[in-house]
1. Are any residues in region 89-115 under 15 Å from Asp133 (Cβ atoms), surrounded by fewer than 16 Cβ atoms within 10 Å (Cβ to Cβ) and at pLDDT 90 or above, and if so, which ones?
2. Residue by residue through region 40-78, note down the ones that are surrounded by 12 or more Cβ atoms within 10 Å (Cβ to Cβ), at pLDDT 85 or above and not in a helix (DSSP H, G or I).
3. Do we have any residue at all in region 6-23 that's surrounded by 10 or more Cβ atoms within 10 Å (Cβ to Cβ), assigned to a loop (DSSP other than H, G, I, E, B) and either out of contact with any Pro (no Cβ under 9 Å at 6 or more places or on another chain) or at pLDDT 75 or above (or both)?
4. Can you tell me which residues in region 147-184 are assigned to a helix (DSSP H, G or I), touching a helix residue (DSSP H, G or I) at 6+ places or on another chain (Cβ under 9 Å) and not β-branched (Val, Ile, Thr)?
5. One residue is enough: does region 121-140 have a residue meeting the conditions surrounded by fewer than 17 Cβ atoms within 10 Å (Cβ to Cβ), under 23 Å from Thr172 (Cα atoms), in contact (Cβ under 8 Å) with a residue 24 or more places away in the chain and not hydroxyl-bearing (Ser, Thr, Tyr)?
6. So how many residues does region 160-184 have that are modelled with pLDDT under 90, of a type in the set (A, V, I, L, M) and surrounded by 15 or more Cβ atoms within 10 Å (Cβ to Cβ)?
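The values are calculated or read from the model by the stated rules, or taken from the named source; none is laboratory data. Since this is a predicted model, take the numbers as computed values, not measurements. Cβ sites come from the backbone with ideal geometry, for glycine too, and all protein chains shown count toward neighbours.
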Amino acid sequence: MRSVAKKVLGGVAAVVLVAGAVIGIGQAIYERRLDADVNALLGASTERASRVITEANLATLPEPVQRWLRWAQVVGKPIPTTIHLKQTGRFKLSETGGWMPFTAEETYTTDPPGFVWKTSMQMFPLVSIIGRDQYVDGHGSIQMRVLGIVPVADAAGPAMDQGALLRYLNETIWFPAAASPRTSPGTPPTPPRPAPP
């Protein structure tokens, strides 16, 4: 009887170890893919020598934008090319769902405008949702997976393009100097590529 119990216990232990290994490997592969998304974003960024913003740079902008940038004290500061933020907080997936703790890292580029937001949300002990939200080359998309394996969100298309662009513009509050024109005064600025209708 003891040998049967030992075999069952050994079988259960083997299944748990194999499942843990599959989950660990799957999660590592998915996280590597998310890192590749960040590297692709950074690789597309045009690293230029930082240009300092002057009052003349603001003159081509609408008056409300000029007021905001002056209030944000960007005159005399360089335009950033990349920005990296770390976040912690609580995230709610639905109106009726509970709050989940999360950590995230967000990388932005300003030329061209883009971001990748990588996150890990703790659903339950030992069970997390890992994924990313991004805006790259005028296109938005989201991918989220339980344990980095089981897809729970995967969306792209015109609505995501528009939403991601709006998120990018909203989040320039973290780096307002990026909203100033990139060209010399008197040269019309090239706007970011708009999301398709």
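1. Gly89, Thr103
2. Across region 40-78, the qualifying residues are Val52, Ile53, Thr54, Thr60, Leu61, Ala72, Val74, Val75, Lys77, Pro78.
3. No, region 6-23 contains no residue that is surrounded by 10 or more Cβ atoms within 10 Å (Cβ to Cβ), assigned to a loop (DSSP other than H, G, I, E, B) and either out of contact with any Pro (no Cβ under 9 Å at 6 or more places or on another chain) or at pLDDT 75 or above (or both).
4. Leu169, Pro176, Ala177, Ala178, Ala179
5. yes
6. Counting residues in region 160-184 that are modelled with pLDDT under 90, of a type in the set (A, V, I, L, M) and surrounded by 15 or more Cβ atoms within 10 Å (Cβ to Cβ) gives 3.
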